[in-house]
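**Student:** Pasting a structure here, questions to come.
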Amino acid sequence: DGGITQSPKYLFRKEGQNVTLSCEQNLNHDAMYWYRQDPGQGLRLIYYSQIVNDFQKGDIAEGYSVSREKKESFPLTVTSAQKNPTAFYLCASSPGPRGNSPLHFGNGTRLTVT
Amino acid sequence: LAKTTQPISMDSYEGQEVNITCSHNNIATNDYITWYQQFPSQGPRFIIQGYKTKVTNEVASLFIPADRKSSTLSLPRVSLSDTAVYYCLVGAVYNQGGKLIFGQGTELSVKP
């Protein structure tokens, strides 16, 4: 059963700590994305990667970092430099820039920083 | 990147047809129009996609006029379980380098 797995579903951290959110896909998709969603808001793009070992900044990359060492995995690190890290984080994937297939989303990680 | 404008919220009753319109005046020739549905605390789910005229699947219909400057998602006979946020997304992965941007979405509330 193919899909995107985000873990954990809920994450709690103290202010000043870095935290890494996991995203794994078994859809054999080339492209992967990280979005942030705040209450009552739409999705804002943090980072995206079209191919292994390559990634680009989205609209709100400050305070975040990513890696893409494997096709299946695109972890997001929320660093202490991110001023308002509490949010709902969504990972997505798509076959890549060769076609126009829609995005496939995971079920998100809700991060709370106190 | 094509900017989209949707109503912030809509109300409906069970059994009614719901039409949500999205404006995208600067849509590019290669852009597709895709609609997603999102329930609370879940990731968005693909509903339907089109390029021009009309597209229909088991869930919804998508109407796109000839000038493609707007599109209308039509949900037939809604039920309480259709209460969700609906996003209109204009663009194509291949011609935007992967940078797909979501708008605010339309919060649909279906009442009994």
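The values are calculated or read from the model by the stated rules, or taken from the named source; none is laboratory data. None of these values were measured; they are calculated from a predicted model. Glycine gets a Cβ as well: all are built from the backbone with ideal geometry, and neighbour counts include every protein chain shown. In case anyone asks, the SASA skips ligands and DNA or RNA and just uses the protein heavy atoms, side chains included. Shrake-Rupley method; radii C 1.70, N 1.55, O 1.52, S 1.80 Å.
**Student:** Say the dipole of chain A comes from +1 at the beta carbon of Lys and Arg and -1 at that of Asp and Glu; which of A:Gly3, A:Gly16, A:Ile46 then lies farthest toward its positive end?
**Tutor:** Looking along the dipole axis, the top candidate is A:Gly16.
**Student:** Relative contact order of region A:6-79: what whole-number percent is it, with Cα pairs under 8 angstrom and at least 6 residues apart?
**Tutor:** On the way: 138 pairs, mean separation 23.8, N = 74.
Here the relative contact order equals 32 percent.
**Student:** Can you tell me which of B:Thr72, B:Thr83, B:Thr56 moves the most in a GNM of chain B? Springs connect C-alpha atoms under 10 Å apart.
**Tutor:** Residue with maximal mean-square fluctuation among B:Thr72, B:Thr83, B:Thr56: B:Thr56.
**Student:** Taking the Cα centre as origin and putting +1 on Lys and Arg beta-carbons and -1 on Asp and Glu beta-carbons, what dipole magnitude results for region B:15-112, to the nearest 20 debye?
**Tutor:** Dipole magnitude for region B:15-112 comes out near 120 debye.
**Student:** Given 10 °C and 1.306 mPa s, compute D for the protein assembly as shown with the Stokes-Einstein relation, Rh being the Kirkwood radius over Cα pairs; round to the nearest whole µm²/s.
**Tutor:** Stokes-Einstein gives a translational diffusion coefficient of 88 µm²/s.
**Student:** What does the charge dipole of the protein assembly as shown about its Cα centre add up to, to the nearest 20 debye, if the Cβ of each Lys and Arg holds +1 and the Cβ of each Asp and Glu holds -1? Present the calculation step by step, with values, prior to reporting the outcome.
**Tutor:** Values: 21 positive and 18 negative charges, 64 e Å.
Roughly 300 debye, rounded to the nearest 20.
**Student:** So, one more: Each residue of region B:65-82 in turn: what ³J(HN,Hα) in whole Hz from Karplus with 6.51, -1.76, 1.60 and θ = phi - 60°, glycine and Pro shown as x?
**Tutor:** Per-residue couplings from phi come out as x, 4, 7, 6, 7, 8, 8, 10, 8, 10, 10, x, 6, 5, 10, 4, 6, 8 Hz.
**Student:** Let me have the relative contact order for region B:1-64, percent, based on Cα pairs under 8 Å that are six or more residues apart. Working shown, then result.
**Tutor:** Values: 77 pairs, mean separation 13.9, N = 64.
Once normalised by length, the contact order is 22 percent.
**Student:** Taking H as built 1.01 Å from N, whose amide H comes closer than 5 Å to the amide H of B:Glu107, not counting residues under 5 places away?
**Tutor:** B:Ser9, B:Met10, B:Tyr86
**Student:** Taking H placed 1.01 Å from N in the peptide plane, check which residues at least 5 places from B:Tyr32 or on another chain put their amide H under 5 Å from its amide H.
**Tutor:** HN-HN under 5 Å from B:Tyr32: B:Gly91, B:Ala92.
**Student:** Indicate the residues belonging to region B:42-85 that lose 20 Å² or more of solvent-accessible heavy-atom surface (probe 1.4 Å) upon moving from the chain alone to the assembly of all protein chains, ignoring ligands and nucleic acids.
**Tutor:** Listed in order, they are B:Gln42, B:Gly43, B:Pro44, B:Phe46, B:Gln49.
**Student:** For B:Met10, A:Met32, give me the order by solvent-accessible area with a 1.4 Å probe, most accessible first, ignoring ligands, DNA and RNA.
**Tutor:** Reading off the accessible areas and sorting them downward yields B:Met10, A:Met32.
**Student:** Write down the accessible area per residue of chain A in Å², having rolled a 1.4 Å probe over the full set of protein chains.
**Tutor:** 48
**Student:** First compute the accessible area of region A:42-114 with a 1.4 Å probe, then give the percent of it belonging to carbon and sulfur atoms.
**Tutor:** Within region A:42-114, the accessible surface is 47 percent carbon and sulfur.
**Student:** I've got another one for you. Mind scanning A:Lys9/A:Lys57; A:Lys9/A:Lys71; A:Lys9/B:Lys3 and naming the pairs with a C-alpha gap bigger than 29 Å?
**Tutor:** Flagged as over cut-off: A:Lys9/B:Lys3.
**Student:** If we count every other residue with Cβ under 13 angstrom of B:Pro76's Cβ, Lys/Arg +1 and Asp/Glu -1, where does the sum land? Walk me through the intermediate numbers first.
**Tutor:** Numbers: positive: B:Arg77; negative: B:Glu14, B:Glu17, B:Glu58, B:Asp82.
Counting the neighbours of B:Pro76, the net charge comes to -3.
**Student:** Using only the alpha carbons, work out the radius of gyration and Dmax of region B:2-105 in angstrom.
**Tutor:** Expressed in Å, the Cα Rg and Dmax of region B:2-105 come to 13.3, 41.
**Student:** Could you check how much of the accessible area of chain B is carbon and sulfur, as a whole percent, using a 1.4 Å probe? Spell out each step's value before the answer.
**Tutor:** Values: 2740 of 5450 Å².
Of the solvent-accessible surface of chain B, carbon and sulfur hold 50 percent.
**Student:** Same structure, new question: Take chain B, connect every pair of alpha-carbon atoms lying under 10 Å apart with a spring to form a Gaussian network, then pick out the residue of B:Ile33, B:Ile48, B:Ile101 with the largest mean-square fluctuation.
**Tutor:** Taking springs between Cα atoms under 10 Å, the residue moving most is B:Ile101.
**Student:** Over chain B, what is the mean sequence separation of C-alpha contacts under 8 Å (at least six apart), divided by residue count, expressed as relative contact order in percent?
**Tutor:** RCO, chain B: 36 percent.
**Student:** Can you give me the solvent accessible area of A:Arg110 with a 1.4 Å probe, rounded to the nearest 10 Å²?
**Tutor:** 80
**Student:** Also, I was wondering about something else. Roughly how much accessible area, to the nearest 100 Å², goes out of reach of solvent when B and A pair up, both sides summed, probe 1.4 Å?
**Tutor:** Details: alone 6410 and 6490 Å², together 10970 Å².
Interface area, both chains combined: 1900 Å², rounded to the nearest 100.
**Student:** If a/c stays under 1.5 just call it rounded; otherwise compare a/b with b/c (prolate if a/b is bigger, oblate if not). Do that for region A:28-67, with a ≥ b ≥ c from the square roots of the Cα gyration tensor eigenvalues.
**Tutor:** Oblate, since a/c reaches 1.5 and b/c is not below a/b.
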